[in-house]
Protein chains: 2
Amino acid sequence: MDLSRLCVHTITTKPWPIEVAMDKYAAAGVAGITVWRQALEGRDISKVGENLRARNLEIVSLCRGGFFPAKTTRGLADAIEDNRLAIREAAALGAPMIVLVCGAVPGQPLAESRKQIADGIAAVLPLAEEHGIRLAIEPLHPVYADDRSAVNTMASANAICDQLDHPLVGIAADAYHIWWDPDLAEQIRITGEKNRLFAFHVCDWMTPTTDLLNDRGLMGEGCIDLKGMRAMVEATGFTGYNEVEIFSNRWWSRDQDDFLQAIKIAFGELFSS
Amino acid sequence: MDLSRLCVHTITTKPWPIEVAMDKYAAAGVAGITVWRQALEGRDISKVGENLRARNLEIVSLCRGGFFPAKTTRGLADAIEDNRLAIREAAALGAPMIVLVCGAVPGQPLAESRKQIADGIAAVLPLAEEHGIRLAIEPLHPVYADDRSAVNTMASANAICDQLDHPLVGIAADAYHIWWDPDLAEQIRITGEKNRLFAFHVCDWMTPTTDLLNDRGLMGEGCIDLKGMRAMVEATGFTGYNEVEIFSNRWWSRDQDDFLQAIKIAFGELFSS
């Protein structure tokens with residue numbers, strides 16, 4: 001089984017501390033890892049980076065920055081500072097990219113939040129340039145438009161990228177968030193054409209979905225046409241990782257070794273050429 | 001308080017049978033009613049229509065038809081027959097319009113479901129013409145794209161309307177489903193321009209939303225800019241009802257007289273000019 005393009009997000013196996021996760025992923029033949037910031041709490045970040053590289057795990061990205069919108073000047077400034085911290089953390093870890101969950105404030109017009117998001121990214125870009133860190137805007141499913149992201153379509157993410165027009169600013173396309181979009185094929189094509197398709201995240205949409213945040217499915221458990229979406233992504237020339245990002249109370253309650261094995265099998269079935 | 005454009009959906013006060021609801025709505029000064037088909041089960045539909053008119057309740061629409069997509073020929077035919085039945089029910093009731101929740105089949109490509117939806121509407125149009133019943137496509141929030149509707153944006157609904165190009169086919173714009181759409185203002189404008197903005201449904205989006213189907217908020221409880229959206233709708237020349245359609249386990253568990261009073265107050269605060 002070719003796992004050379006399989007990346008796993010640490011949040012996927014949340015019950016494992018990163019020290020366990022890195023050993024398990026390496027032993028399983030997983031090639032890449034995206035590190036969630038909470039997995040780094042209390043750790044020497046540079047040392048974690050060294051340990052990941054020592055296990056031949058490619059650090060794909062740090063997850064996550066963003067949450068730029070706020071109702072106060074202080075809130076906006078705090079968000080920018082936190083994103084600068086994330087850039088320094090990514091540099092210390094040796095991650096070349098940060099995934100941005102852009103944020104939203106309930107009741108604040110989404111257009112205003114989008115403006116704050118663009119302004120926030122612009123404010124941290126100089127530091128990102130200094131460290132050579134790419135910033136990947138992740139459009140979130142419209143179900144999260146109230147308090148998690150005002151960027152809910154690839155078109156909306158592309159609009160911000162067009163506005164900022166910077167080689168370090170691109171898009172993380174997550175199947176869970178965008179599978180329903182009638183413009184998906186066209187938007188993925190445009191994103192690739194503009195050299196800003198930075199990441200591809202996979203999981204599945206469960207029917208019924210019993211929890212708005214933590215009931216994602218393993219690839220193949222749900223209704224998303226992942227083969228079709230991967231074909232769209234590959235058609236752009238994308239050769240990056242297929243990143244498995246699953247929040248699931250159901251899977252987290254099970255043996256994580258079994259889960260990792262199930263991930264490998266599902267990845268093999270869906271993504272091996 | 002001007003309630004002349006207030007319509008309430010029978011599902012909003014689900015605990016009340018329609019015989020109770022019509023008396024309560026009339027006594028409260030509600031002007032319009034949209035009747036859900038389950039409220040008619042076991043009733044003489046023509047007689048219900050007479051009783052509504054006797055109480056000066058304007059019958060705004062019958063809710064709902066749709067669910068056209070299916071994986072089998074039999075399933076497709078059954079859906080068309082059920083929509084023909086809905087048209088006959090609307091005619092018997094004296095409802096000039098049917099709201100369509102268009103349907104989706106988990107795992108079937110949404111583009112295929114959209115084609116089946118357009119074909120299904122086309123198949124029932126002759127009967128709709130015969131009875132003069134308007135068919136209002138209701139775009140559903142993308143969170144329902146797996147099994148309730150493959151039509152998830154105003155643009156997608158407008159595309160089907162363009163294709164069918166018939167004066168009886170238009171759109172029911174429901175705030176809950178479309179508030180997040182970056183193209184909302186433009187799409188509402190286009191819908192009005194094409195004389196196909198048939199209905200405007202209101203409620204609110206709760207943060208957090210604890211149930212995917214039945215945790216809608218009363219207007220003002222959530223984050224939707226309803227005043228702004230109503231302004232967009234009115235700007236098209238729309239003079240129809242503002243239809244209160246709330247599915248809420250929380251409100252259904254409370255005294256429905258109190259709920260109806262709360263609806264009137266919320267309507268007055270948000271929608272009186």
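Since every read-out is calculated from the coordinates, none of them should be taken as a lab result. Just so it is clear, the structure is predicted and the values come from calculations on it, not from any experiment. Every residue, glycine among them, receives a Cβ derived from its backbone with ideal geometry; neighbour counts consider all protein chains shown.
Residues whose amide H falls under 5 Å from that of B:Gly65, counting only those 5 or more places apart or on a different chain, are B:Val99, B:Leu100, B:Val101, with hydrogens built in the peptide plane. Backbone geometry of the range B:46-52 corresponds, through the Karplus equation with coefficients 6.51, -1.76 and 1.60 at θ = phi - 60°, to 3J(HN,Hα) couplings of 4, 5, 4, x, 4, 5, 5 Hz, x marking Gly and Pro. Computed from backbone phi, the HN-Hα couplings of the range B:34-39 come to 10, 9, 7, 4, 5, 6 Hz, rounded to whole numbers (Karplus: 6.51 cos²θ - 1.76 cosθ + 1.60, θ = phi - 60°; Gly and Pro given as x). Sorted from nearest, the other copies put their A:Pro15 label points 4.1 nm away, the label point being 7 Å from Cα in the direction of Cβ. A simple spin-label model places the labels of B:Lys227 and A:Val20 5.2 nm from each other, with each point 7 Å out along Cα-to-Cβ.
For peptide B:178-185, the mean count of partner chain Cβ atoms within 10 Å of a residue's Cβ comes to 5.
Cross-linked pairs A:Lys227/B:Lys71; A:Lys227/B:Lys115; B:Lys71/B:Lys115; A:Lys24/A:Lys264: Cα-Cα separations exceed 18 Å for A:Lys227/B:Lys71; A:Lys227/B:Lys115. Remark: label point of B:Asp82 defined 7 Å out from Cα along the Cα-Cβ vector; separations to the same position in other copies 4.4 nm, ascending. Sequence-ordered 3J(HN,Hα) estimates for the range A:92-103 from the Karplus curve with 6.51, -1.76 and 1.60 and θ = phi - 60° stand at 5, 6, x, 8, x, 8, 10, 8, 10, 8, 6, x Hz, glycine and proline given as x. The distance from the alpha carbon centre of the range B:42-61 to that of the range A:1-65 is 63 Å, rounded to a whole number.
What net charge do the residues around A:Ala235 carry, taking every other residue with its C-beta under 15 Å from that of A:Ala235, with Lys and Arg at +1 and Asp and Glu at -1? Could the numbers behind the result be given before it?
Working: positive: A:Arg189, A:Lys194, A:Lys227, A:Arg230; negative: A:Glu186, A:Glu193, A:Asp225, A:Glu234.
Once all neighbours under 15 Å are counted, the net charge is 0.
Summarise the long-distance tail of P(r) for the range B:123-185 by giving the % of C-alpha pairs beyond 15 Å. Distances greater than 15 Å cover 52 percent of the Cα pairs. Each copy carries A:Ala159; placing its label point 7 Å along the C-beta direction from Cα gives inter-copy distances of 1.8 nm, listed from smallest up.
Taking each residue in A:102-115, count the Cβ atoms of any other chain within 10 Å of its Cβ, then average. What number comes out? List each step's numbers first, then the result.
Numbers: counts 0, 0, 3, 2, 7, 5, 2, 2, 7, 3, 0, 0, 1, 0.
The mean count of partner-chain Cβ atoms within 10 Å per residue comes to 2.
How much net charge surrounds A:His141 when only other residues with a Cβ under 12 Å from its Cβ are counted (Lys, Arg +1; Asp, Glu -1)? Spell out each step's value before the answer.
Details: positive: A:Arg148, A:Arg216; negative: A:Glu138, A:Asp146, A:Asp174, A:Asp181, B:Asp146.
Charge balance near A:His141 sits at -3.
Per residue of A:141-153, other chain Cβ atoms within 10 Å of the residue Cβ number 5 on average. Only lysines eight or more places from B:Lys194 in sequence, or on another chain, were considered; none has a Cα closer than 16 Å.
Restricting to chain A, compute how many DSSP beta bridges are antiparallel as a %, nearest 5.
5
In straight-distance terms, cross-link reach from B:Lys47 covers every one of the aspartates and glutamates whose alpha-carbon lies under 12 Å from its own, apart from those fewer than eight places away in the same chain; here that gives B:Glu19, B:Glu89. Between the amide H of B:Leu135 and those of B:Ile98, B:Val169, B:Gly170, distances stay under 5 Å, these residues lying 5 or more places away or on another chain, with hydrogens modeled in the peptide plane. Taking amide H positions as modeled 1.01 Å from N, with prolines and chain starts lacking one, no residue 5 or more places away or on another chain lies under 5 Å from A:Trp180. Highest-first packing order for the peptide set B:251-264, B:189-202 is B:189-202, B:251-264, based on the mean count of other beta carbon atoms within 10 Å.
Modelled this way, with points 7 Å down the Cα-to-C-beta line, the labels at A:Glu112 and A:Gln38 are 2.9 nm from one another. Near B:Lys71: Cβ cut-off under 13 Å, other residues only, Lys/Arg at +1 and Asp/Glu at -1. The net charge is -2.
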